[in-house]
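Take a look at the structure set out below.
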Amino acid sequence: MKKSTPGSLALALAALTRQARSLGWTDTEWATRASVRKETLSRLRHRQSCDFETLRLLAQAVGARLGVIEVQAPDSTPDGHLPARVDRDYEDRLVDLCVSGDLDVGRWAGAGPRFFTAGLAVVLASMRNSDRRRLLALAERLYPGASEPAVFDRWLQRSPLRPTRLLSLIDARLAHAA
């Protein structure tokens, strides 16, 4: 695993540690049962990332499994591609994300349905002085094909947030910050 979402390793390790403690195991016993050095387990508590196999072994030892869960936002369209509605608070959070300069795929995926946030990244790529290459790469990581004209056209037709409104909100926020 190259990099974990901040805190995600700590959260996973805390859950696994609770399970180990409920089995009455010390770190030494847990590490031994997982075929992991105790020092490795100790170091994980101070890191932001680790290799997946180490975490898998620790999970397996306590009877847990690691997995990926795709979560559909509760307020999304039936196909899960778009938010069902965009109110002023949600607009503000989206504008905050857009002006932040943060291109972390996890943060963008957490901001709404992936098809929707990929479209936002494509819209941002059209702005003057934007990092077009990185924004389009982000869009593709969020939703493969998002930067293709036909897919983006579908986004334009269906999005509850018009690009002109988004861009004017971003421009206003940037002008206010300056």
## Note on the structure
The answer for the longest stretch of the chain without any exposed trypsin sites (Lys or Arg not before Pro) (DSSP loop, at most 12 further Cβ atoms within 10 Å) is 129-178
### Task
For the chain, report the accessible area per residue in Å² (1.4 Å probe, heavy atoms, rounded to an integer).
62 Å²
### Query
Hey, rough spin-label estimate for GLN48 and ARG165, points 7 angstrom out along Cα→Cβ, what's it come to in nanometres?
3.5 nm
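Note down the relative contact order for segment 52-134 as a percent, whole number, built from C-alpha pairs under 8 angstrom at least six residues apart.
Relative contact order here is 22 percent.
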### Query
For the chain, with only Lys/Arg (+1) and Asp/Glu (-1) charged at the beta-carbon, what is the dipole magnitude about the Cα centre, in debye rounded to 20?
440 debye
### Message
Using a 1.4 Å probe on the protein heavy atoms only, what accessible surface does GLU29 show? Give it in Å² to the nearest 10.
### Response
70 Å²
### Message
What is the percent carbon and sulfur in the accessible area of the chain, measuring with a 1.4 Å probe over the protein chains and ignoring ligands?
### Response
52 percent
### Query
Rank LEU138, LEU66 by accessible area, highest first, at a 1.4 Å probe radius?
LEU66, LEU138
### Task
On the full set of protein chains, 1.4 Å probe, figure out the accessible area of SER49 and give it in Å² to the nearest 10.
40 Å²
### Task
Any chance you could list the semi-axes, whole Å, largest first, of the equivalent ellipsoid that the Cα gyration tensor gives for the chain, using √(5λ)?
40, 17, 15
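The values are calculated or read from the model by the stated rules, or taken from the named source; none is laboratory data. On a predicted model such as this, the values are computed, not experimentally measured, just so you know. Glycine also receives a Cβ, built like all others from the backbone with ideal geometry; neighbour counts cover every protein chain displayed. Keep in mind that these areas ignore ligands, DNA and RNA; they rest on the heavy atoms of the full protein, side chains included. Shrake-Rupley method; radii C 1.70, N 1.55, O 1.52, S 1.80 Å.
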